[in-house]
Each structure stands twice: as structure tokens, then as C-alpha cells.
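Just below is one structure, and these are the notes that go with it.
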Amino acid sequence: MKIYVWGTGRLVGKVVGKHIPLEDVEAFVDNDSSKSEYMGKKVISPVELSGLGYDVVLVANLYRKEIYEQCLSLGIDVSRVIFLYNNCELKDINVNYDLAQKVLGEEYTALVRNRYHVVRGVEAYGKPAPVLQICGGGIA
């Protein structure tokens, strides 16, 4: 399996050598053109990656949004990209809270706007925090 790891920072060390062997990594990918080697492996640019055959690209950094957009622009198959950090995005589908406030009033609009929260742990900063999801005022 051809595995590429996007990132050359401390988060890579939490994956490579622990969950996947270094010898299974073909190369590392980084936007910093001054980097040519990491952990004894070649560092390639995202443009180079787009022209190579790969089975999977593991993104081991916190720049999910930028890298996702870069993958799309370079034609990198995002179905073969696994984002190890920041892999979840929460988005409120209500876009016009000024209108909501006109219809519902300030107090209830604030309640609707702030009703749902998700707190996720990230082992990148040490021991993972428990996952807590608060839905409609209750804990799920």
C-alpha cells in the first residue's frame, strides 16, 4: 500500500511509529519547499503528490480546511485522504439570525443559536478528553 503522510510536525510523531510503521510511509508531503527530508524519508510538495499513484494520504496536522481545498484544486482524490485531526466540522444551518430575532425576539433567538454544542477531545495535546455532546439542554 502506498501511504503518504501530509505533515512534518509533532503530530506526525503521534501516528508514524505508533499506529503505522515508518517503513510503510512512501514520503511526507509539505507545502514548505525548504523541507527535503523528514524522519529519513523524502518530503514532496502537494503538486508532486497529485502526479503520483497513492493508496492513501494521511493528513497529520491541524490545517484540515486548507489542505482539503488544496486537494480539490490539485485533483487529489479526497476519498483516499484521511484527516487525522480536525476531521469534524460543525455548522449552523441558520444563516440569518437578524431575521430570527425579528420573528422570535432576542431571548429565544439566543437560545436557538446557542442550543447545540459539541466538545471533542484531541489527543494531540495529551490524554484525550471525554466526548461530551449537549443537545437541547440535555446531555447525550
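The values are calculated or read from the model by the stated rules, or taken from the named source; none is laboratory data. Bear in mind the structure is a predicted one, so any value in this text is a computation, not a measurement. Here the Cβ positions follow ideal geometry from the backbone for every residue, glycine too, while neighbour counts run over all protein chains shown.
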Legend entry - Residues located in the range 18-50, provided they are over 20 Å from the mean Cα position of the chain (by Cα), without any contact (Cβ under 8 Å) to a residue 12 or more places away in the chain and assigned to a loop (DSSP other than H, G, I, E, B): PRO21, SER34, SER36
Inset, instruction - Tell me which residues, restricted to the range 68-90, are out of contact with any helix residue (DSSP H, G or I) (no Cβ under 8 Å at 6 or more places or on another chain) and of a type in the set (Val, Ile, Thr). - result: ILE82
Inset, instruction - Could you tell me whether the range 43-64 includes any residue that is of a type in the set (Phe, Trp, Tyr) and modelled with pLDDT of 95 or more? - result: no
Legend entry - Members of the range 50-68 found to be of a type outside the set (Ser, Thr, Tyr) and within 16 Å of GLY7 (Cβ to Cβ), listed by number: VAL56, VAL57, LEU58, VAL59, ALA60, ASN61, LEU62, ARG64, LYS65, GLU66, ILE67
Inset, instruction - Looking at (1) more than 19 Å from SER79 (Cα to Cα); (2) part of a loop (DSSP other than H, G, I, E, B), find the lone condition where TYR54 falls short. - result: (1)
